[in-house]
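Engineer: Pasting a structure below so you can have a look.
Taken together, the values in this text are just the output of simple stated rules run on the coordinates, not laboratory data. From a predicted model like this one, the values you see are computed outputs, not experimental measurements. Note: ideal-geometry Cβ built from the backbone for every residue, glycine included; neighbour counts use all protein chains shown.
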Amino acid sequence: MTQVLADPEVAIHVNETMTRYSSVLYGTAIIVYAIAILLLFAGYAASRRVVGQMPAMAQVGGPTVAVDEVGPGRVLPAEKQSNSQRVINMGYAVGVVGALAHVGSIVTRGFATGRAPWGNMYEFIALTMAACVAGGLIALRAPANRKYLGFVLTAVVIMLVINDKFLATPTSHQLTVPLKSYWLVIHVSIISISSGVLLVSGIASMLYLLNQRFGWFGPEAADRLDRVAYRCVVFAFPLFSLGVICGAIWAESAWGRYWAWDPKEVVSFVAWVVYAAYLHARATANMRNVAAAINVAGFATLLFNLFAINLVISGLHSYAGVGS
């Protein structure tokens, strides 16, 4: 069913069925992500309990044996290790299903609005979180890394709930004149994808630093988390740079100048400098902890740019009280 909303300037066609589908898929994605989080954390907790029960390990003729301090060696319950990994794999698979529902909500909203579905703050966050999930699923696809996906999905669920509760915008929302440009598709999509992947990197660096301080994930986790964080930045940083350049070109077209020292422009440039500093530190010997701390600072800068700049500080990137 198509409803035509009267407007003094333009008639907006809103497909009510697609709007309803988008809302249902959005809620479904949150629920499915929550289930995936429970499975991922349950599998990780089970694997930790098994390891904790085996204080010393030795190889005896072939099978791995655990040597108890007060008793004879006994065979490591490999089936328990296998079961915990199986639960983690289930959580990963459920996360994939949630991502499909998430993308489906974005696509159906696009049909409902008749435009690229990232023209306001609500839609921008939904797209960025979808990129974050996709980045997490790819970066953490190795079985040994899948247990960390629960932390990424936790951050995504928090963002999606906040987005739905406080920033929800009807599909009848009209774009302002500066947004009625093909640059909306190019610039915003690039920034969303790169920002989502950079958030994955920031979470990996936070886990890396926590592991360095408290040893939560074991000694083998340090290199894994560091590599995940680095690879995400290597992929996303050039995209983010391209997004900033596209934004400058769009700004010249919309406002007559490439750079206006708008708050969002300034903080985006600060974020760019922070990630450039991370790559430099990461390439320097014996500075991985420093690099991880810089990456976490980049993570905080992105969140500040996403929320504080768009919602609190007025600027050229604020439209009708809603950032974009």
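Engineer: Loop only per DSSP, at most 13 neighbouring Cβ atoms within 10 Å: give me the trypsin sites (Lys or Arg not before Pro) in the stretch 218-257, ordered by residue number.
Structural biologist: Loop-located and lightly packed - 257.
Engineer: Name the residue farthest towards the positive end of the dipole of the stretch 97-323 from the options 285, 106, 270, assuming +1 on Cβ of Lys and Arg, -1 on Cβ of Asp and Glu, about the Cα centre.
Structural biologist: The residue sitting farthest along the positive end of the dipole is 285.
Engineer: Also, quick follow-up: Please give me the summed charge of the neighbours of residue 90: other residues whose Cβ is under 14 Å from its Cβ, Lys and Arg +1, Asp and Glu -1.
Structural biologist: Spelling it out: positives minus negatives among the neighbours equals +3.
Engineer: Whole-Hz ³J(HN,Hα) for each residue in the stretch 146-152, computed from phi via Karplus 6.51 cos²θ - 1.76 cosθ + 1.60 with θ = phi - 60°, x for glycine and proline: what do you get?
Structural biologist: So the Karplus estimates, Gly and Pro as x, are 5, 5, 7, 4, x, 6, 5 Hz.
Engineer: Excluding residue 148 itself, what net charge comes from residues whose Cβ is under 15 Å from its Cβ, given Lys and Arg +1 and Asp and Glu -1?
Structural biologist: Details: positive: 48, 141, 146, 147, 224, 227, 231; negative: 220, 223, 226.
Result for the neighbourhood of residue 148: +4.
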